[in-house]
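The values are calculated or read from the model by the stated rules, or taken from the named source; none is laboratory data. Just so we're clear, the structure is a prediction, and the values are computed from it rather than from any experiment. Heads up, the Cβs are rebuilt from the backbone with ideal geometry, glycines too, and the neighbour counts pull from every protein chain shown. Heavy atoms of the whole protein, side chains included, go into the accessibility calculation; ligands, DNA and RNA do not. Shrake-Rupley method; radii C 1.70, N 1.55, O 1.52, S 1.80 Å.
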Amino acid sequence: FDAFYGQGEIEQMVDVTYERGYVSDDSFVDALIQQLESADEPLFLWGISMENHQTYYPLEETAEITVSNPHLSKDLTEAVTTYTQGVAHSAAALEKLYSYIQNRERETLLVFFGDHLPTLGGNHAAYAATGMFDGPADNTEQAKLMYGTPFMITANYPLAEINAPHQISDYNLLPLAAKLGDLSRSAYLNRQLALMEQTPYYSSLLYPNPDPAQTEFSRLHELITYDRLVGEQYSK
């Protein structure tokens, strides 16, 4: 990365509004658009929005969305309501960014994903109370519900038609996007694509008893990570 822009820098770019003390997703998208509009050269942006981050304390003003579930306590209902209102704001901001990209002349590719589910109460209480899963994940299907998050890859130009898994680790999003967008790829990204075909996603939570191939996959990632962070950069 060549530059980092935090809250202070965003406040200098656009008129910022706030939600629960965080820069709103709407203002966050305005800052992304401002960066895209001012770029003369190809630009890679990695943006992390914060509006809908926990903790989900009650909204000071009346929420536009009402949540009701007889299995949720008052505290959990307030938390889920706050979270759901944030999701609505996030969806509106995503629509704004998507519409901008679709109407942009310059070829632009968007990858959108969440990094984790919110806890919504101690020990994921809201999920357990509503029957999404029964407490801590004790099998693979429950673990997928707990630790899987959706993602979207879209562009304002035709993407390649490829066979790709719908469940992948987040570190595979960049090589997958590069392949879909027909972008130039380094040897490292090509290696990631080959590994993705072998093991689309890997997690000790999803594979509590890994087979030899998964163990080797994990070890290989440790070596590559070490090399690229503090090693001799052989993987470049």
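Details
- Some residue of the stretch 75-98 being out of contact with any Gly (no Cβ under 6 Å at 6 or more places or on another chain) and part of a loop (DSSP other than H, G, I, E, B): no
- Matching helices (runs of 4 or more DSSP H) fully within the stretch 129-236 where at least 2 residues are surrounded by fewer than 13 Cβ atoms within 10 Å (Cβ to Cβ): 140-147, 187-198, 212-229
- Qualifying residue in the stretch 86-99 (condition: out of contact with any strand residue (DSSP E or B) (no Cβ under 8 Å at 6 or more places or on another chain), free of Cβ contacts under 8 Å to residues at least 12 places away in the same chain and of a type in the set (A, V, I, L, M)): yes
- Comparison of THR17, THR84 shows that the only residue that is closer than 14 Å to LEU120 by Cβ and either in contact with a Pro (Cβ under 9 Å, 6 or more places away or on another chain) or of a type outside the set (Gly, Ala, Ser) (or both) is THR84.
- Among (1) under 15 Å from ASP25 (Cβ atoms); (2) in a loop (DSSP other than H, G, I, E, B); (3) under 24 Å from the mean Cα position of the chain (by Cα), the one test that GLU64 misses: (3)
- Residues (under 17 Å from the mean Cα position of the chain (by Cα) and not aromatic (Phe, Trp, Tyr)) located in the stretch 27-57: VAL29, LEU32, LEU45, GLY47, ILE48, SER49, MET50, GLU51, ASN52, HIS53, GLN54
- Among residues that are on the phi < 0 side of the Ramachandran plot, open to solvent by 40 Å² or more (accessible area, probe 1.4 Å) and assigned to a helix (DSSP H, G or I), GLU105 is not included.
- Within the stretch 174-198, tally of residues that are closer than 19 Å to LEU220 by Cβ and not polar (S, T, N, Q): 13
- Of all residues in the stretch 6-34, those being buried (at least 16 other Cβ atoms within 10 Å of the Cβ) and either at negative phi or without any contact (Cβ under 8 Å) to a residue 12 or more places away in the chain (or both) number 17.
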